[in-house]
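Trainee: The structure's right below; bear with me while I get my questions together.
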């Protein structure tokens with residue numbers, strides 16, 4: 001658990017119930033918590049509007065995965081990219097390569113607020129490197145993606 005770097009260690013799968021404005025599909029929750037995606041080498045995306053409970057859901061999944069002895073890493077999307085961009089912009093890319101390998105080797109990588117900001121060419125290239133490296137190693141990722149809803153004005 002300590003190695004996962006999870007902040008919300010109190011998040012629990014028992015709390016993944018509908019209510020208080022949150023709606024969980026029990027069958028989908030159970031499917032994700034079976035961690036079959038790890039064996040199948042698949043990625044999981046959790047989509048929803050802001051404050052829908054995606055971060056809590058990922059935290060609870062990370063806690064459960066740690067309990068089941070999966071090697072997990074939980075990180076915020078912006079922190080991940082800031083770190084990798086800084087390392088990628090140095091003349092010596094060995095630390096960048098080491099850090100990519102570090103994230104790629106986690107059996108389960110939980111990325112919170114994935115693609116929350118505008119994505120630039122450099123970020124896309126770094127994400128491609130990470131996803132490709134994870135795919136080569138047969139690792140799975142769980143992503144929390146916020147969906148922005150905007151009211152369309154009729155003219």
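Please treat every number below as a calculation from the coordinates, not as lab data. In this text, all values refer to a predicted model and were calculated from it rather than measured experimentally. Reconstructed Cβ throughout: ideal geometry from the backbone, glycine too, with neighbour counts over all protein chains shown.
Trainee: Under the classification rounded if a/c is under 1.5, otherwise prolate if a/b is larger than b/c and oblate if not, where does segment 46-111 fall, given a ≥ b ≥ c as square roots of the Cα gyration tensor eigenvalues?
Mentor: Details: a/c = 4.37, a/b = 1.59, b/c = 2.74.
Because a/c hits 1.5 or more and a/b fails to exceed b/c, segment 46-111 counts as oblate.
Trainee: Can you give the FRET efficiency for residue 95 and residue 68, using 1/(1 + (r/R0)^6), R0 = 41 Å, r = Cβ-Cβ distance, to the nearest 0.05? Before the final figure, lay out the partial values.
Mentor: Details: r = 32 Å, r/R0 = 0.77.
The computed FRET efficiency comes out at 0.80.
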